[in-house]
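Data block below; observations after.
The values are calculated or read from the model by the stated rules, or taken from the named source; none is laboratory data. These numbers were taken from a predicted model, which means no experiment stands behind them. For neighbour counting, all protein chains shown are included, and Cβ atoms are generated from backbone atoms with ideal geometry for every residue, glycine included. We work out accessible area using only protein heavy atoms, side chains counted, and drop any ligands, DNA or RNA first. Shrake-Rupley method; radii C 1.70, N 1.55, O 1.52, S 1.80 Å.
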Amino acid sequence: MSGKAKVPSVRLDRLLANLGYGSRREIQMLARAGTIVLDGAPLLDADRRIALDPDLPARLTVQTRPLDPLPGVALMLHKPLGVTCSHKEAGPLVYGLLPPRWRRREPPLSTVGRLDKETSGLLLLTDDGALLHRIISPKASVSKRYRVTLDRPLRGDEGAIFSSGTLMLEGEEKPLLPVDLEVHGPTSAAVTLTEGRYHQVRRMFAAVGNHVTALHRDRVGALDLPADLEPGQYRVMGEEDVARVFGQAPSNS
Ligand code: URA
């Protein structure tokens with residue numbers, strides 16, 4: 001036995017159609033025109049099965065451009081203010097920050113949880129349903145850190161209230177799990193929490209008589225928003241980035 005896992009394969013027309021390059025008929029035409037090239041040689045027959053090797057995007061070009069990330073992709077996006085985490089609401093959507101073809105991907109990309117329209121920062125997206133559920137599962141307790149700017153100075157008792165595990169948000173029946181508060185200044189702080197209740201950070205500060213004027217997520221698990229990822233930019237996550245979400249440091253550091 002070689003011990004090597006068998007790489008799955010898929011028909012070229014199906015692969016490219018599911019990545020949003022067009023209908024299977026359109027892919028057949030692209031192939032016949034010699035515009036799909038694998039390892040330097042045109043793939044003229046779109047019925048051909050292609051092994052889904054992880055390095056395929058580096059070896060296969062479509063109309064001279066490298067192939068898009070294969071299914072099973074995870075992205076980190078620096079969400080700017082004013083865009084919505086939704087597939088269908090009116091106004092600018094986070095999906096509009098990705099290449100238009102990616103909107104036709106099957107399985108589709110979804111955000112891992114949501115950030116409010118007026119919250120900026122680290123947003124993860126994936127087409128891998130199992131990964132998405134692993135991240136948002138309460139069992140995983142993946143932490144999220146938010147930088148908060150407030151309307152009024154902190155009173156001094158917020159840290160104790162947030163960490164108590166007894167804070168009840170308006171209209172809810174279960175208290176919040178403990179939340180860590182790090183005070184940075186009279187009207188600035190960071191909170192780290194593991195739940196993801198609706199408008200949680202804004203409602204927590206409302207519960208202690210304050211008002212959040214700016215909210216920015218800078219960390220998920222042990223994954224920091226990269227300093228060189230500008231608002232509106234995204235990056236494909238590597239295995240080490242995914243491991244960091246679950247709080248593991250990369251193996252070589
Ligand atoms: N809490 C909020 O209030 N808004 C967010 O976008 C995220 C957490």
(request) Hand me the list of strands (runs of 3 or more DSSP E) wholly inside the stretch 112-215 holding 3 or more residues that are near the ligand (Cβ under 10 Å from one of its atoms). (result) 119-126, 144-150
(request) Determine which single condition Ala189 fails, assuming it passes every other condition in (1) more than 22 Å from Val245 (Cβ to Cβ); (2) open to solvent by 50 Å² or more (accessible area, probe 1.4 Å). (result) (2)
(request) Within the stretch 49-75, work out how many residues are farther than 22 Å from Ala5 by Cβ and open to solvent by 20 Å² or more (accessible area, probe 1.4 Å). (result) 5
(message) I need the full set of residues from the stretch 216-225 which are more than 9 Å from the ligand (Cβ to nearest atom) and open to solvent by 10 Å² or more (accessible area, probe 1.4 Å), in order please.
(response) His216, Asp218, Arg219, Gly221, Ala222, Asp224, Leu225
(message) Being open to solvent by 50 Å² or more (accessible area, probe 1.4 Å), within 26 Å of Lys139 (Cα to Cα) and in contact (Cβ under 8 Å) with a residue 24 or more places away in the chain is the filter here; which residues of the stretch 195-212 pass it?
(response) Gly196, His199, Arg202, Arg203
(request) Scan the stretch 226-236 and give yes if some residue there is out of contact with any His (no Cβ under 9 Å at 6 or more places or on another chain), surrounded by 14 or more Cβ atoms within 10 Å (Cβ to Cβ), assigned to a loop (DSSP other than H, G, I, E, B) and not polar (S, T, N, Q), otherwise no. (result) no
(request) Working only within the stretch 119-160, note down all residues that are at positive phi, more than 15 Å from the chain's Cα centre (by Cα) and open to solvent by less than 30 Å² (accessible area, probe 1.4 Å). (result) none
(message) Please go through (1) without any contact (Cβ under 8 Å) to a residue 40 or more places away in the chain; (2) under 27 Å from the mean Cα position of the chain (by Cα) for Leu67 and return the number of the only condition it doesn't satisfy.
(response) (1)
